[in-house]
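**Q** Here it is, the structure, as structure tokens.
The values are calculated or read from the model by the stated rules, or taken from the named source; none is laboratory data. A quick note: this is a predicted structure, and the numbers were derived from the prediction, not measured. Because the Cβ atoms are built from the backbone with ideal geometry, glycine has one as well, and the counts that use them run over all protein chains shown.
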Amino acid sequence: MGIVRRMTVSYALLGLLNEADRHGYDLKQSYDRRFGATRPLRFGQVYRTLAQLERDGLIAVAGVEPGAGPERKRYSITTDGVTDLERWLSEPEDPQPQLQTVLFTKVVVALLSGRSADVFLEEQRQRHLAVMRDLTRQRREASLRDGMLIDYQLFHIEADLRWIEHAAGRLDTLAEEIKL
Amino acid sequence: MTSLLSGHGLHKSFGPIPALRGVDLEVAAGEVLAVMGPSGSGKSTLLHCLAGILAPDAGEVTFDGRRIDKLLDGRRSRLRRTQFGFVFQFGQLVPELTLRENIALPLLLGGRGRRGSVAAAGEWIERLQLTDSADRLPGEVSGGQAQRVALARALIAGPRVVFADEPTGALDSVAADEVMELLVTTARAEGASVVVVTHEPRVAAFADRQLTVRDGRAVLPAVAP
């Protein structure tokens, strides 16, 4: 699993814990339903991620309950966890390949927690436009070969932007759907 | 920023439908500003109000320190002819005139003699690499060449501001890049400001700054560009 996906999964789980305290099993089910249509989480990933988040002080064990099998830990987000989640949500991402997972996760986490996805998408849009402006400037001085590589980046960033525009127009419907 | 052109509190409706609902913006001398937004957002109406083509229902448009939204029709069209240049999606070239004559047209209409006008057009033809097709009609050249002619025609009379409404809308991406590069570099060389309306991020990326219009209102960047 790449670092981008690993980070994104961490924040998705933090987002779910920001909504309510949950057990590991419950977290996996909620994640798969909201984020994982094509890539469900394995249990091993869930517990590894929870252990890491707990070590970093972003979540804590809120209670231990006996289940049919082993005891089940119920996790809750800590104050540091909320701060970290909010920082992640409010910082636009630099354009990069594989960004769709991160952008999509941010939109869903924002909507789940009643935060503004509009503001996040608009700031992300500005970041993308600023990068396109820089690349267009660089292309002016570049050789044709380098210019064509820059074109490749520009077309990909433009595709991200089209998704951002499209998503911004569908936030209300999405907000209703993911709360089901 | 000292602004050359500005709009404050601009409102404009077409019948019961509001197109602009209180837009503010400023354009500095020599600046290239892109106005973005989805179709129907009001961005073309904004350009028309700034350029004196439409009068806003409320608000002020100021150019070079003077209000221009209250000017009478005759003075407003004189202002458009002498201070502003225009490029539209489809070049709106006169089909019966050659490219050279199309470029010379603003000077001819402004009272410059035929010889002087055609000579000035010749300089722009070289500058925009149109030498081989200068004596063809608009219907005989590509869309990219036609837009280069529109560009030369917009700049030949030495405007302070060039208004471009979806100037690359009918072009493929290679021709679009060429036209935008020429628009930005020639306008800069002439010291003219540019207001370009586009829904394409790749086109807007040629500008120094971008303003987004949504539902008749300007969306200000929440972070510094």
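**Q** If you scan the range B:37-95, which residues turn out to be among the charged types (D, E, K, R) and touching a Ser or Thr at 6+ places or on another chain (Cβ under 9 Å)? I'd like the intermediate steps shown before the answer.
**A** Let us first name the residues in the range B:37-95 that are among the charged types (D, E, K, R), namely B:43, B:57, B:60, B:64, B:66-67, B:69-70, B:73, B:75-76, B:78, B:80-81.
Across the range B:37-95, the qualifying residues are B:LYS43, B:ASP57, B:GLU60, B:ASP69.
**Q** Check whether at least one residue in the range A:32-39 is touching a Phe, Trp or Tyr at 6+ places or on another chain (Cβ under 7 Å) and part of a helix (DSSP H, G or I), and report yes or no.
**A** Step one: of the range A:32-39, the residues touching a Phe, Trp or Tyr at 6+ places or on another chain (Cβ under 7 Å) are none.
No, the range A:32-39 contains no residue that is touching a Phe, Trp or Tyr at 6+ places or on another chain (Cβ under 7 Å) and part of a helix (DSSP H, G or I).
**Q** Another one. Just wondering, is there one or more residues in the range A:74-87 that are within 26 Å of B:SER173 (Cα to Cα), more than 14 Å from chain B (Cβ to nearest Cβ) and surrounded by 14 or more Cβ atoms within 10 Å (Cβ to Cβ)? Can you show your working first?
**A** Narrowing the range A:74-87 to residues within 26 Å of B:SER173 (Cα to Cα): none.
Checked the range A:74-87: no residue is within 26 Å of B:SER173 (Cα to Cα), more than 14 Å from chain B (Cβ to nearest Cβ) and surrounded by 14 or more Cβ atoms within 10 Å (Cβ to Cβ).
**Q** Has the range B:125-136 got at least one residue that is surrounded by 21 or more Cβ atoms within 10 Å (Cβ to Cβ), more than 25 Å from B:THR198 (Cβ to Cβ), of a type outside the set (A, V, I, L, M) and in contact (Cβ under 8 Å) with a residue 12 or more places away in the chain?
**A** No, every residue in the range B:125-136 fails to be surrounded by 21 or more Cβ atoms within 10 Å (Cβ to Cβ), more than 25 Å from B:THR198 (Cβ to Cβ), of a type outside the set (A, V, I, L, M) and in contact (Cβ under 8 Å) with a residue 12 or more places away in the chain.
**Q** Right, next: Report yes if some residue within the range A:165-179 is within 15 Å of the chain's Cα centre (by Cα), modelled with pLDDT under 90 and at negative phi; otherwise report no.
**A** Kept after step one, since they are within 15 Å of the chain's Cα centre (by Cα), are these residues of the range A:165-179: A:167, A:178.
Next, only the ones that are modelled with pLDDT under 90 stay: A:167, A:178.
So of that shortlist, the ones also at negative phi come out as A:167, A:178.
Scanning the range A:165-179, I find at least one residue that is within 15 Å of the chain's Cα centre (by Cα), modelled with pLDDT under 90 and at negative phi, so the answer is yes.
**Q** Let me ask something else about it. Among (1) out of contact with any Ser or Thr (no Cβ under 6 Å at 6 or more places or on another chain); (2) assigned to a strand (DSSP E or B), which single condition is B:VAL27 missing?
**A** So B:VAL27 meets the others, but not (1).
**Q** Filter the range A:121-157 down to residues that are more than 10 Å from every other protein chain (Cβ to nearest Cβ), of a type in the set (Ser, Thr, Tyr) and over 26 Å from the mean Cα position of the chain (by Cα), then give me how many there are.
**A** Residues in the range A:121-157 being more than 10 Å from every other protein chain (Cβ to nearest Cβ), of a type in the set (Ser, Thr, Tyr) and over 26 Å from the mean Cα position of the chain (by Cα): 1 in total.
**Q** Right, something else. Taking the range B:24-60 only, how many residues are in contact with a helix residue (DSSP H, G or I) (Cβ under 6 Å, 6 or more places away or on another chain) and among the aliphatic types (A, V, I, L, M)?
**A** Here is the first cut: in the range B:24-60, the residues in contact with a helix residue (DSSP H, G or I) (Cβ under 6 Å, 6 or more places away or on another chain) are B:32, B:34-37, B:52, B:54, B:56.
In the following step, the residues that additionally are among the aliphatic types (A, V, I, L, M) were identified as B:32, B:34-36, B:54.
Qualifying residue count, the range B:24-60: 5.
**Q** Say whether the condition of being of a type in the set (Gly, Ala, Ser), more than 21 Å from A:ALA20 (Cα to Cα) and assigned by TED's automatic domain parsing to the domain that holds A:ALA20 is met by at least one residue in the range A:107-130. Full working, then the answer.
**A** From the range A:107-130, those of a type in the set (Gly, Ala, Ser) are A:110, A:113-114, A:116-117, A:130; that's our starting set.
Imposing the further condition that a residue be more than 21 Å from A:ALA20 (Cα to Cα) reduces the set to A:130.
Within this subset, residues satisfying the condition of being assigned by TED's automatic domain parsing to the domain that holds A:ALA20 are none.
No, because not a single residue in the range A:107-130 is of a type in the set (Gly, Ala, Ser), more than 21 Å from A:ALA20 (Cα to Cα) and assigned by TED's automatic domain parsing to the domain that holds A:ALA20.
**Q** Still on this structure: Name the one entry in B:PRO38, B:PRO16, B:PRO56 that is more than 26 Å from B:ARG75 (Cβ to Cβ) and in contact with a Lys or Arg (Cβ under 9 Å, 6 or more places away or on another chain). Talk me through it step by step, then tell me what you get.
**A** Numbers: B:PRO16 fails: in contact with a Lys or Arg (Cβ under 9 Å, 6 or more places away or on another chain); B:PRO56 fails: more than 26 Å from B:ARG75 (Cβ to Cβ).
Answer to the check: B:PRO38.
**Q** So A:GLU65 passes all but one of these: (1) in contact with a strand residue (DSSP E or B) (Cβ under 7 Å, 6 or more places away or on another chain); (2) within 14 Å of chain B (Cβ to nearest Cβ). Which condition number does it fail?
**A** Tallying (1) in contact with a strand residue (DSSP E or B) (Cβ under 7 Å, 6 or more places away or on another chain); (2) within 14 Å of chain B (Cβ to nearest Cβ), A:GLU65 fails exactly one: (2).
**Q** Can you list the strands (runs of 3 or more DSSP E) lying wholly within the range B:133-225 that have 2 or more residues being within 14 Å of chain A (Cβ to nearest Cβ) and over 28 Å from B:PRO106 (Cα atoms)?
**A** B:209-214, B:217-219
**Q** Counting only residues that are in a loop (DSSP other than H, G, I, E, B) and either over 19 Å from A:LEU174 (Cβ atoms) or within 14 Å of chain B (Cβ to nearest Cβ) (or both), how many does the range A:88-114 have? Spell out the reasoning first.
**A** Looking only at the range A:88-114, we keep the residues that are in a loop (DSSP other than H, G, I, E, B), and these are A:91-98, A:113-114.
So of that shortlist, the ones also either over 19 Å from A:LEU174 (Cβ atoms) or within 14 Å of chain B (Cβ to nearest Cβ) (or both) come out as A:91-98.
Residues that pass the stated criteria total 8.
**Q** Please tell me if B:VAL174 is on the phi < 0 side of the Ramachandran plot, exposed (fewer than 15 other Cβ atoms within 10 Å of the Cβ) and in contact with an Asp or Glu (Cβ under 9 Å, 6 or more places away or on another chain). Write out each step before concluding.
**A** On the way: on the phi < 0 side of the Ramachandran plot: yes; exposed (fewer than 15 other Cβ atoms within 10 Å of the Cβ): yes; in contact with an Asp or Glu (Cβ under 9 Å, 6 or more places away or on another chain): no.
Considered against the rule, which asks whether it is on the phi < 0 side of the Ramachandran plot, exposed (fewer than 15 other Cβ atoms within 10 Å of the Cβ) and in contact with an Asp or Glu (Cβ under 9 Å, 6 or more places away or on another chain), B:VAL174 comes out as no.
**Q** Limited to the range B:93-115, what total is found for residues that are among the polar types (S, T, N, Q) and assigned to a loop (DSSP other than H, G, I, E, B)?
**A** Going through the range B:93-115, the residues among the polar types (S, T, N, Q) turn out to be B:98, B:102.
Adding the requirement that they be assigned to a loop (DSSP other than H, G, I, E, B) leaves B:98.
Count: 1.
**Q** If you don't mind, another one. Being touching a strand residue (DSSP E or B) at 6+ places or on another chain (Cβ under 6 Å) and either within 13 Å of chain A (Cβ to nearest Cβ) or not in a loop (DSSP other than H, G, I, E, B) (or both) is the filter here; which residues of the range B:32-43 pass it?
**A** Going residue by residue through the range B:32-43, those that are touching a strand residue (DSSP E or B) at 6+ places or on another chain (Cβ under 6 Å) are B:32-37, B:41-43.
Residues satisfying the conditions are B:VAL32, B:LEU33, B:ALA34, B:VAL35, B:MET36, B:GLY37, B:SER41, B:LYS43.
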